[in-house]
Amino acid sequence: MPFTYEYPRPALTVDCVVFGFDGAGLQVLLIRRGLEPFIGSWALPGGFVDMDENLDEAARRELLEETHLKGVFLEQLFTFGDPSRDPRGRVVSVAYYALVRPDQHPATGDSDASEAAWHRVDKLPPLAFDHADILRAGLERLRGKIRYQPIGFELLPKNFTLTQLQELYEAILGRRIDKLNFRKKLLAFDFLVPTDEFTAGAHRPARLHRFDRRRYEALVRKGFHFEL
């Protein structure tokens, strides 16, 4: 006969901190809730995990349903389980963070999200549930990991200037970086490849570079450790 388990079971959700960079500042993708609780409030994309899917599948499905995002860099962040975090009952959330380029992923709300929009992380509206805490955890993870893994290139165009790369790091870390030391370290990396292209415009042209992932992975296999 089927085994029955009477112990109370909490509901399980996933929430996604989606970071983007527009050249002016670090951004996060938020949805405006179309359902109670917190109807009309801004929140992170996410929702309940279905019984027949794993956590990664749930996170990707919710991103697709609520914002039309797909095929993005996605990594598990942390689990949030304060008993009072959700007024609907005992709900545990597994949080993820994603890195995308806003110009390639316009904000589009759908499903139970009445609206989706990019917001500067330093100019955020009040967030529903405990999503402000989840966002802070995501930002701390990003600030730590960008120092020892080249994940920042996920937020840049395929070809970029060294100035753009420095501005990205400054936006994520929230502080100024010494230009000469930063470029000296970068140019010593064999996986940062200069191209034959330059920026156009009224200012002095700047050479464009690209990140060579295959070179980076080959260096890692030889024991290379990325650090900035």
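For Lys70, what accessible area in Å² do you get when you roll a 1.4 Å probe over the heavy atoms of the protein chains, rounding to the nearest 10?
150 Å²
Per residue of region 38-45, in order, report the coupling 6.51 cos²θ - 1.76 cosθ + 1.60 (Karplus, θ = phi - 60°) as ³J(HN,Hα) in whole Hz, putting x for Gly and Pro.
Values per residue, Gly and Pro as x: 6, 4, x, 8, 7, 8, 6, x Hz.
Just the number, please: percent antiparallel of the DSSP beta bridges in region 1-98, rounded to the nearest 5.
The answer is about 65 percent antiparallel.
Rounded, prolate or oblate: which fits region 70-120, taking a ≥ b ≥ c as square roots of the Cα gyration tensor eigenvalues, rounded meaning a/c under 1.5, else prolate when a/b beats b/c?
Note, shape of region 70-120 comes out oblate.
How much FRET efficiency would the formula 1/(1 + (r/R0)^6) give for Arg176 and Glu75, where r is the Cβ-Cβ distance and R0 is 35 Å, rounded to 0.05?
About 0.80, to the nearest 0.05.
Quick one: helix 162-173 against the long Cα principal axis of the chain, what's the angle to the nearest 10°, folded into 0 to 90?
40 degrees
Which far-off residues, 5 or more places away or on another chain, put their amide H under 5 Å from the one on Ala206, with H placed in the peptide plane?
The answer is Thr199.
Only bridges whose two residues both fall in the chain count here: according to DSSP, what percent of them are antiparallel, nearest 5?
70 percent
Among Ala171, Pro205, Asn181, which residue has its Cα positioned farthest towards the positive end of the charge dipole of region 167-214, with +1 placed on the Cβ of Lys and Arg, -1 on the Cβ of Asp and Glu, and the dipole taken about the Cα centre?
Of the listed residues, the answer is Asn181.
If you average the C-alpha positions of region 1-75 and of region 99-145 separately, how far apart do those two centres end up, in angstrom?
11 Å
With a 1.4 Å probe and every protein chain kept in, tell me what percent of the accessible surface of region 133-228 is carbon plus sulfur.
Exposed carbon and sulfur together represent 48 percent of the surface.
Can you tell me the accessible area per residue over the chain, all protein chains present, probe 1.4 angstrom, in square angstrom?
Per residue, the chain has 57 Å² of solvent-accessible surface.
If you take the charge dipole of region 27-129 about its Cα centre, with +1 on Lys and Arg Cβ and -1 on Asp and Glu Cβ, which of Ile31, Gly47, Ser111 is farthest toward its positive end?
Result: Ile31, furthest along the dipole toward the positive end.
For the chain, modelled as a Gaussian network with Cα springs under 10 Å, which listed residue fluctuates most, Ala24, Ala218, Ala113?
Judging by the Gaussian network model, the answer is Ala218.
May I ask for log10 I(q)/I(0) of the chain at q = 0.10, 0.18 Å⁻¹, from a Debye sum over the Cα atoms as equal point scatterers with solvent left out?
Ignoring solvent entirely, the Cα scatterers give -0.53, -1.31.
I'd like the accessible area for Ile151: 1.4 Å probe, protein heavy atoms, all chains in place, Å² to the nearest 10.
10 Å²
According to the square roots a ≥ b ≥ c of the eigenvalues of the Cα gyration tensor, what is the shape class of region 109-228, taking rounded for a/c under 1.5, prolate for a/b larger than b/c otherwise, and oblate for the remainder?
prolate
The values are calculated or read from the model by the stated rules, or taken from the named source; none is laboratory data. Since the model is a prediction, treat every value here as computed from it, not as a measurement. Don't worry about glycine lacking a Cβ; one is built from the backbone with ideal geometry, like all the others, and counts go over all protein chains shown. The protein model used for the area step is the full one, side chains on, heavy atoms only, and it has no ligands, DNA or RNA in it. Shrake-Rupley method; radii C 1.70, N 1.55, O 1.52, S 1.80 Å.
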